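Participant: Dropping a structure here in structure tokens format, bear with me for questions.
The values are calculated or read from the model by the stated rules, or taken from the named source; none is laboratory data. Being a predicted model, the structure only gives us computed values, none of them experimental. Every residue, glycine as well, gets a Cβ built from its backbone with ideal geometry; the counts of neighbours run over all protein chains shown. To get the accessible areas, we keep the full protein, side chains included, count just its heavy atoms, and leave off ligands, DNA and RNA. Shrake-Rupley method; radii C 1.70, N 1.55, O 1.52, S 1.80 Å.
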Amino acid sequence: MATVIRGDDDFDTTPPSVGKVVLSSGNISNTSTSFVDVTGASITITTGANPIYIGACFSMRNNNVNYDTSFNFTIDGALQMGTLGVIQDQGSSTSAWSLCSPHVQSVALSAGSHTIKLQWKVAGGTSLMLANGNENVQFFVNEIK
């Protein structure tokens, strides 16, 4: 049986790029019925020609019953979960609820710098993302190698 020895130049030994944002200094409100950036939830990383994994966890409250809140991610300005994003049904209560958004794996990106953002919109009323120290917004990006 032959043994194959690989030199260091045969494979990428650099660690994957990662980024994380934790928002905790004040609740964030939104009344926009079009996707807008979540204030402070932007990450720029430099990757190889690899896909990335994106996710977010947070607590929400919509002050109006039956108005849904939708979430999406952008990479370099391009929506990642279609034009509708992921819709969170507010249901019949204005009580707070927690969400770990559907995590997304992108297609392989071009090597270079990329900006990833968390976005949201409401169907009506005012939606509140809780970031008050007791409840935080966590937004993260990991390069997949």
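Participant: Let me confirm something: among 92, 127, 98, 106, which residue is at pLDDT below 95 and open to solvent by less than 20 Å² (accessible area, probe 1.4 Å)? I'd like the intermediate steps shown before the answer.
Facilitator: Working: 92 fails: open to solvent by less than 20 Å² (accessible area, probe 1.4 Å); 98 fails: open to solvent by less than 20 Å² (accessible area, probe 1.4 Å); 106 fails: at pLDDT below 95.
127 is the lone residue from the list that is at pLDDT below 95 and open to solvent by less than 20 Å² (accessible area, probe 1.4 Å).
Participant: For segment 37-50, give me each residue that is more than 14 Å from residue 140 (Cβ to Cβ) and open to solvent by 50 Å² or more (accessible area, probe 1.4 Å).
Facilitator: Those that are more than 14 Å from residue 140 (Cβ to Cβ) and open to solvent by 50 Å² or more (accessible area, probe 1.4 Å): 37, 39, 46, 49.
Participant: Select from segment 51-74 the residues that are open to solvent by less than 70 Å² (accessible area, probe 1.4 Å) and more than 10 Å from the chain's Cα centre (by Cα) and list them in ascending order.
Facilitator: Answer for segment 51-74, where residues must be open to solvent by less than 70 Å² (accessible area, probe 1.4 Å) and more than 10 Å from the chain's Cα centre (by Cα): 51, 52, 58, 59, 60, 62, 64, 65, 68, 69, 70.
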